[in-house]
Amino acid sequence: MTAANPEQATILLVDDAPEYLLLLEEILSRHYKIRVASSGASALELATESPMPSLILLDVEMPGMDGYETLRRLRAQPASSDIPVIFVTGNLNTGDEKHGLELGAVDYITKPPRPAILLARIHNQLELKRARDALESKNALLAAEIEQRMRAEAETRHMNEILDSRRQALEGAVKNLEAFSYSVSHDLRAPLRTISGYAEMLGESLAAGLNDEDRQMLERIIAGARKMDRLILDILEYSRTERLKRKDSLIDMSSMANQVAQEYAATYPGVTFIIGDLPQVSADQTMVRQIFANLIGNACKFSAKRSDPRVEVGVSVANGIAEFYVRDNGAGFNPRYAGKLFNLFQRMHSEQEFAGTGLGLAIVKRLVDFHGGRIQSESVPDQQTTFRFTLAPDTPTN
């Protein structure tokens with residue numbers, strides 16, 4: 001695209017009359033850079049040399065190749081096809097002007113030109129060329145942007161197709177998992193119950209004839225079956241948390257903690273429960289109940305062997321964020337391993353000391369994470385253990 005800044009424009013003068021070239025050069029050289037050609041063939045060569053002319057003043061009547069043929073060839077050359085051409089002629093009639101404009105000339109000037117008119121017409125054509133070039137540049141940028149957006153839209157469509165395919169695969173996997181969960185629940189627990197039931201029946205029917213060793217073996221069979229049944233239930237509970245959907249409502253945390261404590265009081269009658277004045281929160285009631293059940297149940301289990309077992313549920317509020325805690329005075333654990341507590345099947349004590357599957361705290365962490373909250377623990381072995389949790393970074397309190 002040819003530059004069309006009037007202050008730097010180059011004008012190509014094409015005429016077979018040297019005296020006329022001198023006249024035009026005298027008029028224009030004070031305003032533009034001038035290049036001259038004495039024939040159409042010479043004009044075709046000079047029109048493509050750098051710097052390319054910003055405008056051409058072309059004589060119509062020249063021997064050999066006239067101005068019309070020269071213009072036709074200029075337009076046929078890609079490099080010079082958009083250079084403005086003004087015809088200069090001494091014999092202008094309507095037919096000639098029409099023919100020249102059809103070939104692509106932008107204006108006609110008769111000889112001899114008046115300097116002011118010549119300069120004005122050249123200036124106008126250069127300004128028009130500059131405006132066209134700017135518009136073409138903007139159009140090119142716009143076309144590039146449209147092409148880029150079309151590519152982005154195509155990529156988005158492609159990614160959506162991939163995501164949709166993966167979504168369908170995931171939905172299929174979830175259905176398979178649900179079917180597997182049902183199979184685990186039904187097909188595995190049923191034979192376990194059979195094993196446990198028949199072992200108990202054998203123990204009762206053969207009680208008189210069993211020695212201590214036989215009785216211990218039967219008790220181990222029954223205990224192993226029950227442990228496996230608890231483990232299956234906990235695994236199912238953990239897997240179900242993957243598919244849970246939150247249904248938040250306003251929860252009276254004090255009332256819920258008291259209800260859970262009363263349920264455990266029947267199993268652990270010696271435990272003293274201290275439930276603080278807890279705020280109301282907006283969260284999923286079923287999930288929060290499970291969090292309390294697992295944490296309070298753990299606290300009862302690990303403190304039950306104390307002479308004065310105690311479980312405390314309380315809260316601290318800072319900057320509008322409620323941090324709940326469940327504290328007990330039980331066995332505790334080595335603080336060095338606090339980071340492992342919430343891993344699957346992680347245990348800090350042997351099965352002989354405290355029964356369990358090692359999944360309860362993993363379930364608690366997943367439910368807390370599901371609310372966008374956090375959970376942490378601290379402990380002094382054989383003295384005190386505290387679990388603290390929030391239900392969301394912006395847990396509302398009332």
In segment 70-117, what residues are free of Cβ contacts under 8 Å to residues at least 60 places away in the same chain, in contact with a strand residue (DSSP E or B) (Cβ under 9 Å, 6 or more places away or on another chain) and charged (D, E, K, R)? Arg75, Asp96, Glu97, Asp107
Leading residue by the ranking (surrounded by the most Cβ atoms within 10 Å (Cβ to Cβ)) among those in segment 78-137 that are under 60 Å from the mean Cα position of the chain (by Cα) and among the polar types (S, T, N, Q): Ser80
Near pairs, Cβ below 9 angstrom, 6+ apart or cross-chain, from segment 183-212 (in the same structural domain as Met228 (by TED's automatic domain parsing)) to any residue that is β-branched (Val, Ile, Thr) and at pLDDT below 75: Val184/Ile232; Val184/Ile235; Ser185/Ile232; Leu188/Ile232; Arg189/Ile232; Leu192/Ile232
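Filtering segment 310-339 down to residues that are of a type outside the set (A, V, I, L, M, F, W, C) and buried (at least 20 other Cβ atoms within 10 Å of the Cβ), which residue is nearest to the chain's Cα centre (by Cα)? If you could, list the steps in order and put the result at the bottom.
If we filter segment 310-339 for residues that are of a type outside the set (A, V, I, L, M, F, W, C), which is where we start, we get 310, 312, 314, 316, 319-320, 323, 325, 327-330, 332, 334-337, 339.
After this cut, where a residue has to be buried (at least 20 other Cβ atoms within 10 Å of the Cβ) as well, the list is 327-330, 332.
Values: Arg327: 40, Asp328: 43, Asn329: 46, Gly330: 46, Gly332: 42 Å.
This residue is Arg327.
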Candidate set: segment 319-334, residues that are outside any strand (DSSP E or B) and closer than 24 Å to Ser307 by Cβ; chosen: the one modelled with the highest pLDDT: Asn329
Taking segment 125-158, which residues are among the acidic types (Asp, Glu) and farther than 30 Å from Thr10 by Cα? Glu145, Glu147, Glu153, Glu155
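Residues Ile195, Ile162: which one is more than 30 Å from Met217 (Cα to Cα) and at pLDDT 80 or above?
Ile162
Matching residues to (1) under 20 Å from His31 (Cα atoms); (2) in the same structural domain as Glu19 (by TED's automatic domain parsing):
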| position | (1), (2) |
| --- | --- |
| Gly90 | no, yes |
| Leu118 | yes, no |
| Glu127 | yes, no |
| Ala143 | no, no |
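For (1) modelled with pLDDT of 90 or more; (2) buried (at least 16 other Cβ atoms within 10 Å of the Cβ), each residue gets a yes or a no:
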| position | (1), (2) |
| --- | --- |
| Ile232 | no, yes |
| Ser239 | no, no |
| Glu242 | no, no |
| Leu250 | yes, no |
| Ser254 | yes, yes |
| Ala261 | yes, yes |
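Which residue out of Arg306, Arg289 is at pLDDT 75 or above, over 41 Å from the mean Cα position of the chain (by Cα) and surrounded by fewer than 18 Cβ atoms within 10 Å (Cβ to Cβ)?
Values: Arg289 fails: over 41 Å from the mean Cα position of the chain (by Cα).
After applying the criteria, what remains is Arg306.
The values are calculated or read from the model by the stated rules, or taken from the named source; none is laboratory data. Just so we're clear, the structure is a prediction, and the values are computed from it rather than from any experiment. Neighbour counts run over all protein chains shown; Cβ positions are idealised from the backbone, glycine included.
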